[in-house]
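No value in this document is a laboratory result; all are computed from the given coordinates. Please read these numbers as outputs of a predicted model, since none were measured by experiment. A quick note on method: Cβ atoms are made from the backbone with ideal geometry, for glycine too, and the neighbour counts reach across all protein chains shown.
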Amino acid sequence: MITPLSQDEARALLAETKLGRLGCIHAGGPYVVPVNYVFDSGNIYVHSLPGRKLAALRANPKTCLQVDEITDAYRWRSVIAFGNYEDVTDQAERDRAVRLLLARFPKLTPVESVPVHDGQSSVKVFRIHIEEITGVGEK
């Protein structure tokens with residue numbers, strides 16, 4: 001039977017999972033892309049190179065992130081976090097977000113980790129400020 005997850009269960013799944021699907025609107029239609037992320041203090045932190053995803057989020061900051069845990073067809077949980085895209089421009093917050101990302105993903109390739117860490121490249125760090133989290137599961 002499919003049942004709602006409690007807020008604690010939904011937040012725990014969001015915190016445990018490393019890969020999510022970011023949903024946004026691009027050119028008037030849906031656009032979904034997988035992202036690595038960190039959930040911390042009510043925000044989801046992501047890093048990205050410029051491209052379609054960032055252009056879409058800047059044009060319409062309403063976004064969501066969907067994560068799931070699937071054991072089999074009858075045992076699974078799924079969470080969607082809804083919120084707003086925001087560039088992380090404050091250097092202290094950016095440094096903190098980068099530390100969290102590198103701690104969670106220590107094997108990021110140099111293309112991903114070095115430019116983010118040195119602050120000299122076009123790699124952007126952004127957050128989704130979460131407004132609502134919903135979740136369901138089946139046991």
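Key figures
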{"quantity": "Gyration tensor (alpha-carbon) shape descriptor, the chain, a/c threshold 1.5", "calculated": "prolate"}
{"quantity": "Karplus-derived HN-Hα couplings along the range 59-66 (A = 6.51, B = -1.76, C = 1.60, θ = phi - 60°), whole Hz, x at Gly and Pro", "calculated": "6, 8, x, 5, 8, 8, 10, 10"}
{"quantity": "Lysine pairs in the chain with Cα atoms under 29 Å, if 8 or more residues apart or on separate chains", "calculated": "10"}
{"quantity": "Residues in the range 58-73 reached by a label modelled at Ile25 [backbone nitrogen below 20 Å; 7 Å Cα→Cβ]", "calculated": "58-66"}
{"quantity": "Estimated distance in nm for a label pair at Phe105 and Ser41, the labels positioned 7 Å out from Cα along Cα-to-Cβ", "calculated": "2.1 nm"}
{"quantity": "Using alpha-carbon coordinates, inclination of helix 91-104 to the longest axis of the chain, degrees", "calculated": "50 degrees"}
{"quantity": "Spin-label zone in the range 77-101 - amide nitrogen under 20 Å from a point set 7 Å from the Cα of Val32 along the C-beta vector", "calculated": "77-85"}
{"quantity": "Expected 222 nm ellipticity per residue - DSSP helices of 4 or more, -39500 (n - 2.57), all of the chain, to 500", "calculated": "-8500 deg cm²/dmol"}
{"quantity": "Cα gyration tensor shape of the range 28-68, rounded if a/c is under 1.5, else prolate or oblate by comparing a/b with b/c", "calculated": "prolate"}
{"quantity": "Ranked packing of 127-134, 5-12, most packed first, by mean Cβ within 10 Å", "calculated": "127-134, 5-12"}
{"quantity": "Acute angle (nearest 10 degrees) that the helix 7-16 long axis makes with the longest principal axis of the chain, alpha-carbon atoms", "calculated": "50 degrees"}
